[in-house]
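J.: First the structure, which I've put down as structure tokens, then a few questions once you've had a look.
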Amino acid sequence: MSIREGITNAVETVLVLVVLALLVGQLLGQPVLLGFVRTGSMDPALEPDDGFVAVPSPLTGPPEPGDVIVFEAEEIQGGGLTTHRVVGTTEKGYVTKGDANAITDQTAGEPPVRDHQIVAEVLQINGRIVAIPALGSGINAIKNTVQGAQLTLARWSGTELFLGTEGVLTVLAVAAFGYLGFDSVFGTRDERDRDTDRSRSQGLDPRVLVAACALVLAAGLVAPTVVQGGTTEMAIVSSSFDSERADVIPAGESKPRTRQLRNPSYLPNVVYLVPGDGVDVSDRVVRVPPQSQREITVTLHAPADTGSYQRLLTTHRYVAVLPTSLLTELYSKHPLLPTIGTLGSIVVPFYLVGSAIVGRSRLRHRRREGSRPTGGLVSRLR
């Protein structure tokens with residue numbers, strides 16, 4: 001393999017992984033490796049639809065003034081993911097502001113941003129954001145194409161299998177497998193008499209597509225559990241009198257609440273509960289069978305001083321592909337490790353089996369006689 005072919009294959013692999021990361025990020029509702037902004041609040045560092053490299057918050061630690069973070073806003077722009085710069089800290093949380101905005105988010109009505117709201121930090125080099133121009137436009141075009149394919153397949157098949165989050169990943173997997181199958185049946189026959197070494201040195205390595213299919217499958221299984229996890233805020237009032245309202249608790253006393261842990265998927269889930277200050281739970285680890293639910297009791301404690309307070313309960317969910325004991329051991333090291341282990345247990349066997357099936361011959365592109373030679377995905381995208 002020449003240096004040029006090696007570079008081409010590397011670029012093709014990176015393009016596949018970038019598209020997958022963007023699509024999975026859209027499905028999860030938070031950036032995965034890459035994200036993009038929709039408004040001009042971060043001009044001139046990030047213009048509308050500019051992309052950025054998103055570093056997951058567990059890998060970055062607490063942000064400092066000058067860092068740009070992606071967080072779940074409660075008030076500004078109707079709530080949802082917001083990408084703004086940290087400009088200060090208080091006892092209650094971080095003060096944030098868009099570079100193009102005249103006032104801070106907190107002046108505009110957003111409460112101070114707390115650690116559990118931060119999902120990622122934007123990569124900066126020498127204080128400058130690494131921006132990817134127009135990345136959002138590209139991913140929106142891909143997303144619209146996939147959604148159109150979802151609706152078409154749903155109408156043709158008469159089933160909802162292709163709709164929703166898992167349906168997007170099913171569509172991608174079907175398309176990738178269809179491409180592999182078509183080429184393996186028709187492509188090799190047309191070029192049977194061509195030089196074998198030459199045919200193996202051109203085109204896209206099918207193992208790249210097998211890896212992409214493996215990632216799509218794994219993401220389809222893991223994504224719904226990630227979306228269902230997170231931190232829940234429960235408002236209470238520490239009162240000088242008793243009340244029938246569940247959120248009003250006599251000062252210094254406690255009240256129990258019931259909470260349903262639902263699992264709509266076809267695989268069992270393992271849920272780890274992390275209660276915040278003033279919160280107790282009946283179970284810290286709960287296994288939820290497929291398409292069912294489990295009830296837990298959450299006990300909220302009111303401080304001795306009257307007033308309004310917030311209580312936090314964090315849940316981490318994982319598909320129970322691995323034994324619960326192994327998930328618990330990984331979780332005790334870091335909450336990301338069970339997800340990594342689950343992805344690996346799906347991707348590695350799938351890739352090994354798929355690679356053995358498709359072999360090492362490359363997916364070849366065809367050109368008319370006299371046309372300029374091209375190289376794989378890169379040439380087709382020019």
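The values are calculated or read from the model by the stated rules, or taken from the named source; none is laboratory data. Computed from a predicted model, the values in this text were never measured in an experiment. Quick reminder, even Gly has a Cβ in these numbers, built from the backbone with ideal geometry, and neighbours come from all protein chains shown.
J.: Which of the residues that make up region 282-312 are surrounded by fewer than 17 Cβ atoms within 10 Å (Cβ to Cβ) and β-branched (V, I, T)?
T.: Hits for region 282-312 are V285, T297, T299, T306.
J.: Of all residues in region 225-249 being of a type in the set (D, E) and without any contact (Cβ under 8 Å) to a residue 12 or more places away in the chain, which is nearest to Y266 (Cα to Cα)?
T.: Across region 225-249, the extreme among qualifying residues is E244.
J.: For V119, indicate whether it is buried (at least 18 other Cβ atoms within 10 Å of the Cβ) and within 19 Å of T314 (Cβ to Cβ).
T.: Here the answer is yes, as V119 does meet what is asked.
J.: Which of the residues spanning region 322-355 are touching a residue at least 60 places away in the same chain (Cβ under 8 Å), surrounded by 14 or more Cβ atoms within 10 Å (Cβ to Cβ) and not in a helix (DSSP H, G or I)?
T.: Residue satisfying the conditions is P335 alone.
J.: Also, quick follow-up: Quick one: is S239 at pLDDT below 90 and of a type in the set (S, T, Y)?
T.: So S239 fails the test.
J.: Right, next: Inspect all residues belonging to region 141-150 and state whether any of them is under 30 Å from T315 (Cα atoms) and in a loop (DSSP other than H, G, I, E, B).
T.: Within region 141-150, none of the residues are under 30 Å from T315 (Cα atoms) and in a loop (DSSP other than H, G, I, E, B).
J.: Is there a residue in region 104-123 that is assigned to a helix (DSSP H, G or I), farther than 16 Å from L46 by Cα and not charged (D, E, K, R)?
T.: yes
J.: Yes or no: A108 more than 17 Å from V70 (Cα to Cα) and at pLDDT 90 or above?
T.: Yes; evaluated as a whole, the condition is true for this residue.
J.: Moving on. Among the candidates I118, I142, I132, single out the residue that is modelled with pLDDT under 90, under 27 Å from G276 (Cβ atoms) and either over 21 Å from the mean Cα position of the chain (by Cα) or hydrophobic (A, V, I, L, M, F, W, C) (or both).
T.: Selected residue: I118, the only one of I118, I142, I132 that is modelled with pLDDT under 90, under 27 Å from G276 (Cβ atoms) and either over 21 Å from the mean Cα position of the chain (by Cα) or hydrophobic (A, V, I, L, M, F, W, C) (or both).
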